[in-house]
Amino acid sequence: MRRTTTWKRAVVVQAVVLLGGAGMAEAVTPTNVTKVARVTGATPAGEVLPNPNQTHTNYEVYGTDLGIVWDKGGNEVFVLFGDTFGAGWCGNGGCGGGWRSNVLARSADTTLSNGLTFTTMIQDAPRHAKEILPSRKVDNDEMTVIPTAGVTVGARHYIHYMSVRHWGDPGQWFTNYSGIAYSDDNGQGWVKHPTARWVNNAAGTNPFQMAALVKNGGFVYLYGTPNGRFGNVHLARVPEGALLDINAWRYWDGNGWSASQAAARPVVIGIAGELSVAYNAALGRFLMTYLNEHRQAVVLRDAGTPTGPWSGEKLLATGAAFPGIYNAFIHPWGNTASELYFISSQWTPYNTFLLRASLTADTQGDNLLSEPGFETQGATPVMAPWYLAGGGGIDRAVGQARTGQDNGFVRGSSGWNALKQSVVVQPYTDYTLKGWLRTSPNNAAGYFGARAAGNGPILGEAPFGALGTWTERAVTFNSGANTVVEVYGGVWADSGDTWAQLDDVSLTRGANLVAQGGFEQQPSGTPTSPWSAHGGAGIDRGLGFARTGANNAWVRNSSGWNAIVQEVAVTPGTRYTLTGWVKTSANQNDGYFGARTLNAGPVLNETHLTQPLGSYTQLSVTFDSGANHSVEVYAGTWANAGDTWLQVDDVAVTRN
């Protein structure tokens with residue numbers, strides 16, 4: 001693609017890589033969570049935390065929650081709160097007088113080790129925090145308007161909010177819609193855009209009613225959940241300059257980006273409420289926090305790219321240690337490779353606090369499963385994210401574990417008894433599942449494997465009989481068309497009382513980062529997600545032109561640049577090898593196979609094809625992802641000599 005600066009020059013396989021500073025990009029786990037300071041409300045008798053803001057006297061903010069924080073530019077952050085109560089606050093939860101649906105503070109405090117000090121709060125009268133997004137305050141119409149995320153692009157500030165129709169049972173509520181509001185006057189006045197909205201459906205399951213917003217590589221990424229705290233996490237993105245154009249948003253469909261919101265597939269399996277997502281440049285990792293009601297804890301996940309794969313859940317702050325905790329909004333400043341600052345709410349006393357956690361290297365690495373060794377099960381009263389079929393539970397500190405102190409077990413006198421966990425996968429991608437098992441002597445029908453969600457078809461499994469000592473089993477499988485799979489370990493209790501124990505389970509993705517690299521799953525001659533075409537390009541399906549399998553991609557035209565494109569996740573500051581098999585017409589003399597950044601960015605490396613390739617020939621290009629979160633890998637040709645074509649098959653990107 002060297003000949004011209006225009007990007008129209010290749011069969012392109014877009015690869016997503018991390019933008020921003022290239023940190024160590026290794027998985028982490030949180031420990032040693034402590035309260036640093038009170039952020040809002042009055043100091044009660046006996047509390048010794050710093051309370052720099054004294055919001056009850058300075059801003060008529062006695063009780064409030066959330067504390068969504070983002071860099072607003074100008075060496076300040078915004079800190080955004082939910083339902084807020086004044087001098088008439090009931091003193092226990094969200095209730096009482098002086099009610100405002102939301103309030104907003106500014107802070108320039110960069111020394112978080114002793115608390116978070118406001119510069120001011122947006123006010124509508126002296127010493128009175130202003131409601132910045134009004135609501136009707138009518139139950140079963142619009143009870144309140146709650147902010148869920150914020151981001152600043154240039155001089156314009158944006159808030160994602162939800163219009164709450166009705167509060168239901170604990171952890172459940174129902175929204176009319178979510179939308180985007182904006183401010184052009186440093187947060188004093190806000191406009192709810194009339195069409196930048198995600199309207200909820202009758203079932204209340206639209207996946208973008210609550211959000212976290214992250215700027216990345218010229219895009220704003222929106223991680224969304226349904227109303228309430230019990231949904232999965234989905235993902236959308238939009239160019240930075242088009243946040244208010246609802247038609248410009250694209251939705252992650254498990255392989256790539258679709259214009260159809262209905263095509264959205266999860267990037268994380270919930271139980272997720274009150275999301276926060278931020279990029280930690282020191283780590284080179286994205287961090288995600290949310291409340292898992294089933295675990296009665298705020299959890300953390302991390303990933304090297306915006307689309308994942310996201311790690312399993314790691315306990316950040318439990319309800320036992322911080323009663324009534326229900327969020328952890330990451331502060332964008334002060335975070336390092338070893339420290340994380342965040343604002344959390346506690347229902348009682350219905351106020352917000354600044355907390356700090358230590359971050360340490362995660363020995364589980366890129367394991368996609370939560371609770372792989374069952375070690376924090378002792379900190380939660382339920383088994384989630386593991387679930388049972390039949391009989392079983394957790395051996396908590398009874399000396400049975402392979403490593404650590406805990407393990408899972410199943411036991412029954414009849415039927416199927418299994419431990420199960422659901423996890424997001426990329427379709428048509430290879431995975432390896434490993435785990436250690438031990439059984440009763442009479443076990444003759446044990447199975448360890450992966451299947452489609454909802455007890456769907458088995459994708460791969462390893463049978464096992466009696467295992468007197470801990471024994472590792474491994475299963476390699478392809479995810480097929482699935483975006484969610486269920487891993488399991490269990491036994492059929494056909495011989496009376498039968499048991500099996502499970503410990504140290506892992507699920508890791510295969511090496512190839514290209515989805516549908518052999519084009520076998522393309523449903524028609526027109527490229528579909530994750531592939532797209534530039535110029536004349538398509539799919540040969542069952543025509544006998546493929547190198548392997550039945551299908552391959554082609555580009556063909558009598559002029560111009562012609563290419564096919566895919567977006568693939570990679571890590572910044574990392575070397576990769578792109579390989580693929582290419583065959584061309586006899587007149588081809590200006591083809592390219594390589595990698596570059598998105599949006600016509602610089603070429604990272606490429607091979608220039610100046611001679612025709614009469615048979616499939618493997619091409620290989622090594623490139624460094626640099627500071628990017630996204631790259632394009634491409635193979636294509638300029639049709640300089642009339643009707644010119646190129647065929648490509650078996651494309652792969654692997655980490656060196």
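Since every read-out is calculated from the coordinates, none of them should be taken as a lab result. Given the structure is predicted, the values throughout are model-derived calculations rather than measurements. Note: ideal-geometry Cβ built from the backbone for every residue, glycine included; neighbour counts use all protein chains shown.
Odds and ends about this structure:
- Amide hydrogen neighbours beyond the local backbone of residue 557, cut-off 5 Å, H modeled: 644
- Selected from 255, 96, 64, residue furthest toward positive end of dipole (segment 27-361; charges at beta carbon): 255
- Using the alpha-carbon positions of segment 62-106, Rg (one decimal) and Dmax (whole number) come out as 12.1, 37 Å.
- Computed over Cα pairs, the Kirkwood radius of segment 27-361 leads via Stokes-Einstein (1.002 mPa s, 20 °C) to a diffusion coefficient of 109 µm² per second.
- Label-to-label distance, nm, for residues given as residue 400 and residue 360 (7 Å Cα→Cβ offset): 2.7 nm
- Translational D in µm²/s for segment 254-387 (Stokes-Einstein at 20 °C, 1.002 mPa s, Kirkwood Rh from C-alpha pairs): 137 µm²/s
- Size of charge dipole - segment 369-460 - debye, nearest 20, with Cβ of Lys, Arg +1 and Asp, Glu -1, no other charges: 200 debye
- The alpha carbon gyration tensor of segment 556-639 gives principal lengths a ≥ b ≥ c with a/c of 1.5 or higher and a/b greater than b/c, which makes the shape prolate.
- From phi via Karplus (6.51, -1.76, 1.60), per-residue ³J(HN,Hα) for segment 446-463 in Hz, x at Gly/Pro: x, 9, 10, x, 9, 9, 4, 4, x, 6, x, x, 6, 9, x, 7, 10, x
- A cut-off of 5 Å between modelled amide H atoms, ignoring neighbours fewer than 5 places along the same chain, links residue 480 with 428, 429.
- Value of relative contact order over segment 27-361, rounded to a whole percent, pairs C-alpha under 8 Å and six or more apart: 17 percent
- Nonlocal Lys pairs with alpha-carbon distance under 18 Å, the chain (8 or more apart, or different chains): 5
- Ordering 122, 619, 505 by the projection of their Cα atoms onto the charge dipole of the chain, which places +1 on the Cβ of Lys and Arg and -1 on the Cβ of Asp and Glu, puts 619 at the extreme positive end.
- Taking Cα centre as origin and charging only the Cβ of basic (Lys, Arg, +1) and acidic (Asp, Glu, -1) residues, the dipole magnitude of the chain rounds to 720 debye.
- Point-charge dipole on Cβ atoms (K/R +1, D/E -1) for segment 513-655, about Cα centre, debye to 20: 100 debye
- Nonlocal amide H pairs with residue 95, under 5 Å, H built at 1.01 Å: 90
- Listed residue (29, 77, 46) projecting farthest to the positive dipole end of segment 25-91, Cβ model: 46
- Relative contact order computed over the chain (Cα-Cα under 8 Å; 6+ residues apart), in percent: 15 percent
- Calculated from backbone phi, Karplus (6.51, -1.76, 1.60) coupling profile of segment 102-116 in Hz, x at Gly/Pro: 6, 9, 9, 10, 10, 9, 10, 6, 9, 9, 8, 5, 10, x, 10
- Here the mean projected area of the convex hull built on the C-alpha positions of segment 131-189 is 4.2 nm².
- Size of segment 513-655 from its Cα atoms: along the principal axes, largest to smallest, the extents are 39, 31, 24 Å.
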